[in-house]
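All remarks here apply to the structure that follows.
The values are calculated or read from the model by the stated rules, or taken from the named source; none is laboratory data. Remember, it's a predicted structure, so these values are computed and weren't measured experimentally. Here the Cβ positions follow ideal geometry from the backbone for every residue, glycine too, while neighbour counts run over all protein chains shown. Side chains included, ligands, DNA and RNA excluded: accessible areas come from the protein's heavy atoms. Shrake-Rupley method; radii C 1.70, N 1.55, O 1.52, S 1.80 Å.
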Amino acid sequence: MYEYTNNTKLRNTVYFFALVLFFVPTFVFAVDTDNDGLSDEDERLYYTDINNPDTDGDGYLDGTEVKYGYSPHKGPGVQMHQHDYDGDGLGDWLEIWFKSDIGKSDTDGDGKNDFDEVMLGYSPAEKDGKKKFKRWIEVDRTKQRLHFFVNKVKLLNLPVSTGNPWTETPAGNFEVMSMIPEKSYVGEDYNLEGVQWNMLFRTGGYYIHGTYWHNDFGIRTHSHGCVNMRTEDAGLLYNYMDIGVPIEIYGETPENRVVVNN
Ligand SMILES: [Ca+2]
Ligand SMILES: [Ca+2]
Ligand SMILES: [Ca+2]
Ligand SMILES: [Ca+2]
């Protein structure tokens, strides 16, 4: 009996040390030279100084800034998504989300910029040339905004003018059916030439397109059913668009045309 108990104790002791050996390396190898809450390994990921606990000198530790979503490079009060360390168009928060390198504008070295790859649905970190991320457009009639999503993240949030209450932009699920760089729109009371960046989403002439004849975007409805955007915004979207990208249109057309801020 005595022997049995002793063996059990010994076995438990062995288990205990086995567990310790299993977990300890995690702590041992997570070296944090400047003791700022960000391991040396993570400092390399964020391009911060492993020997300076407050890389940007804003009074907040690198580890604290990263933990709460602030940029350890610019502060105080600048959030990770508002800073673009390598200036490639993809903010630092998005670089982490898409697993690309905060300090390289072409992470996978395939000659294509990280931001361009993400906008087109490719992984900026993998060189395989396959479309990886799901992309879609949402148009909110209530707020008169257009959102472009890639891999569940909103990459663009732009003001638009949808159809007036008597010629509403239809709500529902559509997709980009055709893309025309420049066309004319002619109707009973309008004749608009040289309209750029036209993306058809419903037969019967419903397009998302650039607009040069008013500046009501995000403020009030204006169109005969199309989604009007600033020409430069439409150009940006068009540049990364493909036939078949889903478009969801929702919300209520403002009764008096004007957006009520909520
Ligand atoms: Ca550190
Ligand atoms: Ca800091
Ligand atoms: Ca970047
Ligand atoms: Ca690339």
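Kindly indicate whether any position in the stretch 53-71 is under 22 Å from Tyr240 (Cβ atoms) and out of contact with any Lys or Arg (no Cβ under 7 Å at 6 or more places or on another chain). Scanning the stretch 53-71 turns up no residue that is under 22 Å from Tyr240 (Cβ atoms) and out of contact with any Lys or Arg (no Cβ under 7 Å at 6 or more places or on another chain).
Taking the criterion of being without any contact (Cβ under 8 Å) to a residue 12 or more places away in the chain and within 16 Å of ligand 4 (Cβ to nearest atom), the only residue of the stretch 71-94 that qualifies is Asp84. Would a scan of the stretch 47-57 turn up a residue that is within 11 Å of ligand 3 (Cβ to nearest atom) and more than 21 Å from Val153 (Cβ to Cβ)? Yes, the stretch 47-57 has at least one match. Look at the stretch 164-184: where a residue is surrounded by 12 or more Cβ atoms within 10 Å (Cβ to Cβ) and a partner is in a helix (DSSP H, G or I), sitting 6+ places away or on another chain with Cβ atoms under 7 Å, you get Met179/Tyr238.
At least 3 residues that are farther than 24 Å from Glu248 by Cβ and within 16 Å of ligand 1 (Cβ to nearest atom) in each: list the helices (runs of 4 or more DSSP H) lying fully within the stretch 44-162 that qualify.
Values: elements: 62-67, 92-97, 114-120.
Per the criteria, 62-67.
The condition of being more than 16 Å from ligand 2 (Cβ to nearest atom) and over 24 Å from Asp49 (Cβ atoms) holds for only one of Gly109, Gly91, Gly87, Gly103, that being Gly109. Screening the stretch 192-204 for residues that are farther than 18 Å from Asn239 by Cα and touching a Phe, Trp or Tyr at 6+ places or on another chain (Cβ under 8 Å) and picking the one that is surrounded by the most Cβ atoms within 10 Å (Cβ to Cβ) gives Arg202. Here Leu236 meets the list (1) open to solvent by 20 Å² or more (accessible area, probe 1.4 Å); (2) part of a strand (DSSP E or B) almost entirely, failing just condition (2).
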